[in-house]
Amino acid sequence: MTAGTEPNTPNSKLDRLLSSLEQGLRTSFALSPAGRASPASGVAEAATLSEGDRQLAGALMRVNHVGEVCAQALYQSQSLFSRTPALRQHFQHAAQEEREHLAWTRERVAQLGTHTSRLTPVWYAGAFAIGTVAGMVGDKVSLGFVVETERQVEEHLAGHLDRLPAADTPSRRIVEQMKEDEARHAEEALAAGALDLPKPVKLAMRLAAGLMTRTAHYI
């Protein structure tokens, strides 16, 4: 092995790339196990939930599931291109919590009698590409991207709490816990040295997120 060559260990870039690819396939096509029980566990379904309310809740939870698909892709790509082991561990820990969100939303979508987005692999690939660019620019930019993403997601989830039917307690419990976790992820990224992104970048992120949510609401 020549000097400066990273050994072929579980922490090598090749192994991390293969792990990211495997996680991408699991996210797009397989059921993801959750470490924490869903906040909706043991919460009874409302007998008064109308068909219209059920369809609305299903669409909103489908959008939330897509958001978690994108979060997986972002954290996987940012971890892959991070310069330091400590920051890679930071991204991987956040990705684990997002996998729990992924499992909760997927389960809730099925309970509401609808489907996850048919464009899931497209969402994952696009978010992975964005996270790759952020990661290659530098760790502080990558962390800044996390902060802005999580703040926009927190705002988006607050909007969903306003729109979800009041009687849909299971969905509301899930979204409330997700909102709390996303706020913490943003604070952790700030504490790790995140750079505040330029306003045009934040605006572009908001426009891209808006396109995704409008599309995933129906497809």
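The values are calculated or read from the model by the stated rules, or taken from the named source; none is laboratory data. Predicted model, so just to flag it, every value in this text is computed and none were measured. Counting neighbours? That spans all protein chains shown, and the Cβs are built from the backbone with ideal geometry, glycine included.
Only residues that are farther than 15 Å from ALA204 by Cβ and either among the polar types (S, T, N, Q) or surrounded by fewer than 19 Cβ atoms within 10 Å (Cβ to Cβ) (or both): list them for region 119-149, please.
Passing the criteria: LEU119, THR120, PRO121, VAL122, ALA125, THR132, MET136, GLY138, LYS140, SER142.
Among the numbered criteria (1) of a type in the set (Gly, Ala, Ser); (2) out of contact with any Leu (no Cβ under 7 Å at 6 or more places or on another chain); (3) farther than 30 Å from ALA44 by Cβ, which single criterion is violated by ALA158?
The number of the failed condition is (3).
Could you check region 60-90 and list, in sequence order, the residues that are in a helix (DSSP H, G or I), over 12 Å from the mean Cα position of the chain (by Cα) and farther than 15 Å from THR116 by Cβ?
SER77, GLN78, SER79, LEU80, PHE81, PRO85, ALA86, LEU87, ARG88, GLN89, HIS90
Return yes when ALA125 is aliphatic (A, V, I, L, M), touching a Ser or Thr at 6+ places or on another chain (Cβ under 8 Å) and part of a helix (DSSP H, G or I) and no when it is not.
The answer is no for ALA125.
Quick one: what pairs do we get from region 182-207, first residue more than 14 Å from ALA94 (Cα to Cα), second of a type in the set (S, T, N, Q), C-beta under 7 Å, 6+ apart or different chains?
MET205/THR149; MET205/GLN152; ARG206/GLN152
I'd like the full set of residues that are assigned to a helix (DSSP H, G or I), among the hydrophobic types (A, V, I, L, M, F, W, C) and surrounded by fewer than 21 Cβ atoms within 10 Å (Cβ to Cβ), limited to region 33-59.
Once the filter is applied, which keeps residues that are assigned to a helix (DSSP H, G or I), among the hydrophobic types (A, V, I, L, M, F, W, C) and surrounded by fewer than 21 Cβ atoms within 10 Å (Cβ to Cβ), region 33-59 yields LEU56, ALA59.
With respect to the numbered conditions (1) surrounded by 15 or more Cβ atoms within 10 Å (Cβ to Cβ); (2) modelled with pLDDT under 90; (3) of a type outside the set (Ser, Thr, Tyr); (4) not in a loop (DSSP other than H, G, I, E, B), which one is the sole condition not fulfilled by HIS93?
Condition (1) is where HIS93 drops out.
How many residues are within 22 Å of GLU98 (Cα to Cα) and assigned to a helix (DSSP H, G or I) if we restrict to region 163-206?
The total comes to 26.
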